[in-house]
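The structure appears below as structure tokens.
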Amino acid sequence: MKPKIAFFDFASCEGCQLQVANLEESVIDVAEVVDVVEFREVMTNKAESYDIAFIEGSITRPIDEKRLKAIRKKTKTLVALGTCAHLGGVQRLSNQWSAKENLKEVYPDAKEKDINKNEFFEKPHHKAVDEVVKVDYVIPGCPIDRTEFIKVLVALIHGKKPPIPDYPVCVECKKKENICLFTIGKFCMGPIARAGCGAICPSHGSECEACRGYISHPHERAQIDVLEDCGLSADEIMHRKTMFTYKYVEKEKEESK
């Protein structure tokens, strides 16, 4: 029998699932080797169990944790799909403030009585999927790369470890013979950011924000020293460290207590 795979979404833009839905002619190849049993983006089918479950989105509410744990119990292999599931996404930045502060920032005209009675905003706290349940593998990126998704799926079907790179984006920049952004007055998280994106942002003149997270053993202190030498203030450095990777900052704060 074909492996049964399913896709589930939590707090996210669902862009990673859209990447899968947009596989175009490759969808035919995928359909030949797996049985997609749940995928809200493209179908209404439901299933009782799964061989592989792909989870997109950060986990925000107690009801989300309950739902995720139920999915985990029914699946053999669980994969965090994209940055929101992997690290908590950009929405994790809101963990720095209270629920009411966030609500007032987004909806400044909201009345106090409406804010107080809105149960959804009582205790929102964005988490990565692995902070709630065991995650077997991760496909990083914002959004994920469709080609990488296919490679990971093929590896999982054959019982192999997914081929996710564990070297910095700088390696891919050098392969493409890109001009280092630091030499032209820009700044980049490439030295500690996980590769696999093809250095797409630096290749087009944009600074790497480490949307794929850090490599396993990043030299963070050295990266900070480089940014300081380039004239960035502590606040500017923190801004660059937290765009997609606030999970690491929270971990540092917790460990320092």
For segment 87-212, what does the alpha-carbon gyration tensor say about shape, rounded, prolate or oblate, given a ≥ b ≥ c as the root eigenvalues, a/c under 1.5 as rounded, and a/b over b/c as prolate?
-> oblate
Which residues' amide hydrogens lie under 5 Å from the amide hydrogen of D9, considering only partners 5 or more residues apart or on another chain, with H built in the peptide plane?
-> E56
Gaussian network model of the chain, Cα springs within a sub-10 Å range: biggest mean-square fluctuation belongs to which of M43, M189, M238?
-> M43
How many nm separate the modelled label positions at S98 and K66, each set 7 Å beyond the Cα in the direction of the Cβ?
-> 2.6
Taking T75, T83 and counting other beta carbon atoms within 10 angstrom, the fewest-first order is T75, T83
Going by C-beta contacts inside 10 Å, put D64, D29, D229 in order with the fewest on the left.
-> D229, D29, D64
Max mean-square fluctuation residue, GNM over the chain, Cα-Cα springs under 10 Å, options R221, R40, R240 | R221
Whole-Hz ³J(HN,Hα) from phi, Karplus 6.51 cos²θ - 1.76 cosθ + 1.60, for segment 39-45, glycine and proline x = 5, 4, 4, 10, 7, 10, 4
Can you run phi through the Karplus equation (6.51, -1.76, 1.60; θ = phi - 60°) for segment 245-257 and list ³J(HN,Hα) in whole Hz, with x for Gly and Pro?
-> 10, 5, 4, 5, 5, 4, 5, 4, 5, 5, 5, 7, 5
Along each of its three principal axes, how wide is the spread of alpha-carbon positions in the chain, in whole angstrom units, largest first?
-> 58, 56, 34
J(HN,Hα) series, segment 174-190, from Karplus relation 6.51 cos²θ - 1.76 cosθ + 1.60, nearest Hz, glycine and proline x | 5, 4, 8, 6, 6, 6, 4, 4, 5, 7, 10, x, 9, 10, 8, 9, x
Looking only at C188, C201, C142, which one moves most when the chain is put into a Gaussian network model with springs between Cα atoms under 10 Å?
-> C201
Provide the gained length on full extension for the span K76 to S49, in nm with one decimal, where the gain is 0.36 nm per separating residue minus the Cα-Cα distance.
-> 8.9 nm
Quick one: pull the percentage of alpha-carbon pairs in segment 169-256 with a separation above 22 Å.
-> 22
For the chain, what is the relative contact order in percent, using Cα pairs closer than 8 Å and at least 6 residues apart in sequence?
-> 17
Using Cα centres only, tell me the gap between segment 152-192 and segment 1-54 in whole Å.
-> 26
Rounded to the nearest 500, the 222 nm mean residue ellipticity computed for the chain from DSSP H runs (n ≥ 4, each -39500 (n - 2.57)) alone is -10500 deg cm²/dmol
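Every number here is computed from the coordinates shown, using simple stated rules; none is lab data. The structure displayed is predicted, hence computed values, not measured ones. We place every Cβ from the backbone using ideal geometry, glycine too, and count neighbours over all the protein chains shown.
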